[in-house]
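The values are calculated or read from the model by the stated rules, or taken from the named source; none is laboratory data. In this text the structure is predicted, and so the values were computed from the model without any measurement. Reconstructed Cβ throughout: ideal geometry from the backbone, glycine too, with neighbour counts over all protein chains shown. When the accessible area is computed, the model is the full protein with side chains, heavy atoms only, and any ligands, DNA or RNA have been set aside. Shrake-Rupley method; radii C 1.70, N 1.55, O 1.52, S 1.80 Å.
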Amino acid sequence: MKVLEVAGERLPGDEEQHTQDFLMVNGPAFSTPGVAGFLRAARLLASTTERMPRTKRVISATLRAAEAALEAVGTESATLKSMGGEPQHHPLGETFFSQVPYRYGACIAKFSLAPLSGSLLALKDQSLTGNEDAQRDAVVAFFATLEEPAVWALRVQLCRDLERMPVEDASVAWPEEESPWQEVAHLIMPRQAAWQEGESQAAEDALAFAPWHALAAHQPLGSINRARRVVMAGSRRFRSDFNRCPIHEPRS
């Protein structure tokens, strides 16, 4: 999520001065405690993506089928999901989490974006089938027929105990009974053309997201975020050169 027209003190080295990025995924905790485990998983993913793209798709489909079978009997496997076995669900019905902590002014917090309006809640756990663009197609169809604006709640979970809510171990989901999620804002989106061939692809090629693209008040914390600062900067440079498209922040 990229917020425009943001004023305030920036983090050192952040060249853009008017936007703030929030990165979230559909799980409350990271797959590994720190950088070492993440690096092992990234190397495995890179090797299968670059050398065996067709094999990777077959493996992913097999893992998804295995995970679906487990969920059918009331259980699940975090290992299968982290290896590519997460079943395809409608993305607009998902709840998203930062997984890793950030400064929240004088506090430490994690962020979350949760469906709030009925149209979104109705999509929870809705399975998707089809080609590799199934999720994008589902989002486009949703916004093309939307009658009332879709609403999400932006939430924060404050760190209240550094032992039970560690900053450096990203694999620990902070207990909600000790620190419940608190709504701080709403994201409201009306009916719209969510994707336009050509125009949307060009806009996507020019965009980049990074947790360190932020106000000082929301400084990323923990080893995973520190690694992201280096890796995502390298990724941004590579994408810009490979696509021959300078990456820049949107003004509107």
With criteria (1) under 26 Å from G8 (Cα atoms); (2) of a type in the set (D, E, K, R); (3) open to solvent by less than 70 Å² (accessible area, probe 1.4 Å), D133 comes up short on (1)
Output for Cβ contacts, cut-off 6 Å, separation at least six or different chains, first residue under 23 Å from P149 (Cα atoms) in region 194-208, second of a type outside the set (A, V, I, L, M), reads A194/F143
Going through (1) in contact with a helix residue (DSSP H, G or I) (Cβ under 9 Å, 6 or more places away or on another chain); (2) open to solvent by 50 Å² or more (accessible area, probe 1.4 Å); (3) over 14 Å from A29 (Cα atoms); (4) touching a residue at least 60 places away in the same chain (Cβ under 8 Å) one by one, G105 fails only at (2)
Pairs returned, first residue in region 123-136 that is in a loop (DSSP other than H, G, I, E, B), second residue that is of a type in the set (S, T, N, Q) and surrounded by 10 or more Cβ atoms within 10 Å (Cβ to Cβ), beta-carbon separation under 7 angstrom, 6 or more apart or interchain, are L128/Q88; L128/Q135
Scanning region 72-104 residue by residue, the ones that are over 18 Å from P180 (Cα atoms) and modelled with pLDDT of 55 or more total 13
Selection over region 171-191 where residues are surrounded by 12 or more Cβ atoms within 10 Å (Cβ to Cβ) and assigned to a loop (DSSP other than H, G, I, E, B) yields a count of 9
With the first residue restricted to region 155-175 and required to be over 15 Å from F96 (Cα atoms), and the second required to be outside any loop (DSSP other than H, G, I, E, B) and of a type in the set (S, T, N, Q), Cβ contacts under 7 Å at 6 or more apart or on different chains are E168/S223
